[in-house]
Amino acid sequence: MTSPLAQITLKPSTSPDPSKDGLLLCPLSQLLDEYHNSLQSLYERTPNPHPFLHPDSLRAQFEGIADIEAIILLQDGEIRCAGILDPWSLDVGRIPRTRMQWRLHGRRVFAKGFLWDGNQDALSQWIHGVAELLRERRHAGLLLEAQAIDTEQWKAIEQSLSGGASGMKRLRPHGLQPRWRIRLPSSVDQYWLYQFKGKTRNTLRRKRRKLGDYRIEIVTNPQGVDGFLEAATLVSRHTWQSRELGLCVKNSDQERRLFRSLAERCEFRGHIMWLDNSPVAFVINTSHDGYLHYEETGYLPQLAHLSPGTVLVSELIDDVISSGEYHTIDFGLGHADYKQLFSNEQTQSADTWLLRDSPVNAIAAGMISTQESMKNSAKAALQKSGVLRRLKQLKRKS
């Protein structure tokens, strides 16, 4: 039986070839060159697409990178579903009685999602095509990052996997995690009056006064991106996120191209806090159609006692509501006290591995589940005793 996946030469979107309908695999660079218009049309039809998936953003991020692929579903010469795949791996742990680390190698769907037109059958065909690709290449699985359970994409994926026809099993190593959002009212006063009691409002005002003579710079245009990234990088080098996860803002050629591209489409909004003519905190946001994604944030840990991060988020909320351009702020995957403080809506989300159904993967999934269960039990005990909160505070201040 011939695989539905093949390396192909795509026709320009101005003269689509219906004979090429089906599941197709190609380099991302080729897709962007030959099917830019169709991909952009799909982006506009996708329910709440991530701005990183716009064709211009993809080109900015992956220019000159050869091992990025796209798997697409074509029908009548138009793309109905598309995902960008890059190499990824999952640490399983140390193999018993050895010093060897076990790691599963697979692919990740880039930018926390894919593009699709809302058609369930199209997505199911795409999922089955990815499963076939994984089997052919003997990859362990596919990672879907930070999928919120109340989105159309989550529901469609769950339906596509039901019954086991795809030959893939779900693994959520860290389980479901809180995801906080703000549904924005029409005015700043309405938000603060309905969201907080008077005591909390007074506390936040005192934090602003205590911080002193700070200034908030808001960057939305392409000309301001380079300066914004330069200032944000100065802060990012010292944050606890960068110490544990690596530098979050690098001010690289790739980042500058990406955020300029977003700013040209009015999908970038950056906030920098300045104190004594030095940057002390930042937030990077992206947006599409009124939905604001809270991407990266950081502040200087030596100023933690002045709460610059909390103050900056409160100023950001004032700015976003006052602009009248947005209806939602999404804080993304994971809990943080400040997210809960400012939010008025909670859902859940998870990183999901779709693993090929095989004995080896079943053993790996069992090991990971056991390890996570032990971690969660220990975390619950620390949280109950109050130790976990104190450890987090020390980490952010160091």
* To do: Would you mind ranking Trp126, Trp274 by Cβ crowding within 10 Å, fewest neighbours first?
  => Trp274, Trp126
* Least to most buried among Thr46, Thr370 (fewest other Cβ within 10 Å first) -> Thr370, Thr46
* Asked: When the chain is treated as a GNM, springs tying every alpha-carbon pair under 10 Å, which of Ser89, Ser323, Ser124 comes out with the largest mean-square fluctuation?
  -> Ser323
* Past 27 Å, Cα to Cα, is the threshold; run Lys112/Lys169; Lys250/Lys339; Lys169/Lys250; Lys339/Lys375; Lys207/Lys339 against it and keep the listed order. => Lys169/Lys250
* Helical contribution to [θ] at 222 nm, DSSP H n ≥ 4, -39,500 (n - 2.57), averaged over the chain, rounded to 500 -> -13000 deg cm²/dmol
* Using label points projected 7 Å from each Cα along Cα→Cβ, tell me how many nm separate Leu176 and Glu244, to one decimal. => 2.4
* Asked: Using the beta-carbon distance between Gln348 and Gln75 and R0 = 41 Å, what value does 1/(1 + (r/R0)^6) give for FRET efficiency, to the nearest 0.05?
  -> 0.80
* Return the distance in nm (one decimal) between the two label points of a simple spin-label model at Ser369 and Gln254, each offset 7 Å from Cα along Cα→Cβ. => 3.5
* Structure fact -> With 0.36 nm assigned to each residue of separation and the Cα-Cα distance removed, His335 to Asp276 gains 18.1 nm
* Structure fact -> Ordered by fewest other Cβ atoms within 10 Å, a rough proxy for footprinting exposure, Arg108, Arg137 read Arg137, Arg108
* Structure fact -> Expressed in Å to one decimal, the Kirkwood Rh of the range 185-326 from all distinct alpha-carbon pairs is 15.8
* Asked: Helix 253-264 versus the longest principal axis of the chain: what angle, 0 to 90°, nearest 10, using Cα atoms?
  -> 80
* Structure fact -> Straight-line reach check, Lys199, cutoff 20 Å on alpha carbons, 8 or more apart in-chain or any other chain, hits among aspartates and glutamates -> Asp189, Glu315, Asp318, Asp337
* Apply 1/(1 + (r/R0)^6) to the Cβ-Cβ distance of Glu158 and Val360, taking R0 = 22 Å, and write down the FRET efficiency to the nearest 0.05. => 0.35
* To do: Take the alpha-carbon centre of the range 65-121, take the same for the range 164-187, and report the distance between them in whole Å.
  => 17
* Where Lys and Arg each count +1 and Asp and Glu each count -1, what net charge lies around Val188 among other residues with Cβ under 10 Å from its Cβ? -> -3
* To do: Among Arg103, Arg172, Arg80, determine the one that fluctuates most according to a GNM of the chain built with springs between C-alpha atoms less than 10 Å apart.
  => Arg103
* Counting only the backbone N, which residues of the range 313-344 are under 14 Å from the spot 7 Å out from the Cα of Arg183 toward its beta-carbon? -> 327-330, 343-344
* **Percent of beta bridges antiparallel (DSSP, the chain, rounded to nearest 5)** => 90
* **the chain, Rg to Rh (Cα coordinates; Rh as Kirkwood inverse mean 1/r)** => 0.98
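Coordinate-derived values only; no laboratory data. Fair warning: this is a prediction, and the values are worked out from it, not measured in the lab. Using ideal geometry, Cβ is built from the backbone for each residue, glycine included, and neighbour counts are taken over all protein chains shown.
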